[in-house]
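Contents: one structure, followed by commentary.
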Amino acid sequence: MGVAKVFLYETDVAPTLSQVLRHYEQDGLVSTLPYSYPPPYPNHPATRWIWRHLESENYFSQENVYFSDCVLRHMHEYRFIAHFDPDEVPVLPHHQTLPGLVAELLRTSSGKAYPAYNLQMINFYEDLPPVEEVRDLPPFLWVLRHAARLKEDPAFVTGHSKPIFDMDFARGVFSHAPVTCLGMCEAVKRVSPSLAYLGHFKGTCGEKCQDKDLLRTETAHLRYRDLVLQAVTSVKKKLQLV
């Protein structure tokens, strides 16, 4: 998708996941940085899980630390930095790459500068079975095996969108928007889902999705299926994870 580098902040991961991360670091695609929560917050995985569920507001406020660290650390290397979770993938119906999308956003902004371009999150639910086009894909390609979504786009909510930050203007960020900028942080550009959006591969739809007339199949992210399948299978074999 035209991403130059993936930055990850690493706390505690399983040995097999660490093996995968080291592979992609050596490959040059991924850069990891060890991270521990500052006192008095817990760093043991078990107590951190409890903290996350009992004091979620404090837990998620810590994200601002490493999100802002990331954008400030790399702002002179890359003009545009995006934050996506592992269960989120950009869906680009009209562009092959994210740089192509950004180029159009800049071209159509009529010269106005925005510190961030927010992609709306749209769910691809876990309880919807694979559509015909992807039933032959292996289960480990979770994102590509989920291509059904509701036809109607949800209303835009900042907390259910993710930004592509323009580091010419953004200086401090949280998960869903910039918080300090050169200029007005409120001037965030909402990207129309017809142009691009963020697929959120999580959650259940339940009875609402029993009506098939309310669903549609998204094929934009499936254009990468063969490349992803080949690449992931190759790495799994190399690392002896199959």
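Structure data summary
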{"item": "Positive-end residue, the chain charge dipole about Cα centroid, Cβ charges, pick of 148, 111, 161", "result": "111"}
{"item": "Cα-based Rg of region 6-238 normalised by 2.2 N^0.38 Å, two decimals", "result": "1.08"}
{"item": "Sorted by Cβ neighbour density within 10 Å, fewest at the top, the residues 68, 175", "result": "175, 68"}
{"item": "Residue-wise HN-Hα coupling along region 108-124, computed from phi with Karplus coefficients 6.51, -1.76, 1.60 (Hz; x: Gly, Pro)", "result": "9, 8, 6, x, 7, 8, 10, x, 7, 10, 8, 8, 5, 8, 10, 7, 10"}
{"item": "Under Karplus coefficients 6.51, -1.76 and 1.60, residue-wise ³J(HN,Hα) of region 174-183 in Hz, glycine/proline x", "result": "10, 4, 10, 5, x, 10, 10, 9, 7, x"}
{"item": "Cβ-Cβ FRET estimate between residue 35 and residue 224, R0 fixed at 25 Å, reported to 0.05", "result": "0.30"}
{"item": "Filter on 112/151; 5/238; 112/162 - keep pairs with C-alpha separation over 25 Å", "result": "112/151"}
{"item": "Region 166-242: GluC sites (Glu not before Pro) in DSSP loop, at most 14 other beta carbons within 10 Å", "result": "186"}
{"item": "Qualifying GluC sites (Glu not before Pro) in region 7-94, DSSP loop, other Cβ atoms within 10 Å at most 12", "result": "55, 77"}
{"item": "Gyration tensor (alpha-carbon) shape descriptor, region 66-127, a/c threshold 1.5", "result": "oblate"}
{"item": "Long-range amide H partners of residue 91 with built H, under 5 Å", "result": "197, 198, 199"}
{"item": "Backbone HN-Hα couplings from phi across region 37-49 [Karplus 6.51/-1.76/1.60, Hz, Gly and Pro as x]", "result": "6, x, x, x, 7, x, 10, 5, x, 5, 6, 5, 4"}
{"item": "Gain on full stretching of the segment that runs from residue 194 to residue 64 - 0.36 nm per residue minus C-alpha separation", "result": "43.8 nm"}
{"item": "Hydrodynamic radius of region 19-118 per Kirkwood, over alpha carbon pairs, in Å", "result": "16.9"}
{"item": "Theoretical ellipticity at 222 nm over the chain - DSSP helices of four or more residues, -39500 (n - 2.57) apiece, nearest 500", "result": "-8000 deg cm²/dmol"}
{"item": "Trypsin sites (Lys or Arg not before Pro) restricted to region 36-131 and DSSP loop, no more than 16 other C-beta within 10 Å", "result": "79, 112"}
{"item": "Cα centroid separation, region 188-213 to region 137-153 (Å)", "result": "11"}
{"item": "Average Cα contact separation per residue, region 127-176, under 8 Å, 6 or more apart, as relative contact order %", "result": "28"}
{"item": "Cysteines (scope the chain) whose Cβ has no counterpart Cys Cβ under 4.7 Å", "result": "70"}
{"item": "Computed label-point distance, nm, for sites residue 187 and residue 238 using a 7 Å Cα→Cβ extension", "result": "4.4"}
{"item": "Total charge dipole magnitude, region 6-238, about the Cα centre, Cβ charges on Lys, Arg, Asp, Glu only, Debye to nearest 20", "result": "380"}
{"item": "Ratio of Rg to Rh over region 53-162 (Cα coordinates, Kirkwood Rh, two decimals)", "result": "1.00"}
{"item": "Calculated over region 130-242: convex hull of Cα atoms, volume per residue (Å³)", "result": "164"}
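FYI, it's all coordinate maths here, none of it is from the lab. In this text the structure is predicted, and so the values were computed from the model without any measurement. Cβ sites come from the backbone with ideal geometry, for glycine too, and all protein chains shown count toward neighbours.
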